[in-house]
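The numbers here are math on the coordinates, done by the rules we state, and not lab data. Bear in mind that the values here come from a model prediction, so they are computed numbers and not experimental data. Cβ placement follows ideal geometry from the backbone for every residue including glycine, while neighbour counts extend to all protein chains displayed.
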Amino acid sequence: MPKRLIPLRAAAALVVLLPALGHAAMPEPRRDAILADAAAAAKAADPAFAGFSAERGRALYVGPHQANADVPACATCHTQDPRGRGRHVRTGRPIEPLAVSANPARFTDAAAVEKHFVRDCKNVLGRACTAQEKGDVLTFLIGQ
């Protein structure tokens, strides 16, 4: 391989990798955007919406809820302390901590966040979560 191509390939690799490294190193803007989207949806659903509450989020997280006796709360699989590793109640599959302090990668991918809310709200609450409920839970878990 000619030596002059090596610097060009290295430069090309940096051009490809730097944006990805920047996103991995700075998840807060993505979390802020996810919360901002939830706030806009909550305000559209209820013009009196006044912001998210970590305390309401904690109450939703720890439950109990009546829809599913096997999974009466998020904490059933994720533990009462969201900084701890959980275990899926049915499969036994390990679950990484939900708290951002224990798992900085949490809540940085909007599509993944929505996917989990769609699935888990249905399992725990027996219905879809509202935008306010999503924001409240996210506010609680991001603060942990």
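At-a-glance table
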item	result
Hey, Arg106 surrounded by 13 or more Cβ atoms within 10 Å (Cβ to Cβ), among the basic types (Lys, Arg) and within 19 Å of Thr139 (Cβ to Cβ) or not	yes
Per-region count, the range 34-72, residues among the hydrophobic types (A, V, I, L, M, F, W, C), under 16 Å from the mean Cα position of the chain (by Cα) and under 14 Å from Lys122 (Cα atoms)	1
Selection from the range 87-121 of residues that are under 20 Å from Asp37 (Cβ atoms), without any contact (Cβ under 8 Å) to a residue 60 or more places away in the chain and among the charged types (D, E, K, R)	Arg106, Glu114, Lys115, Arg119, Asp120
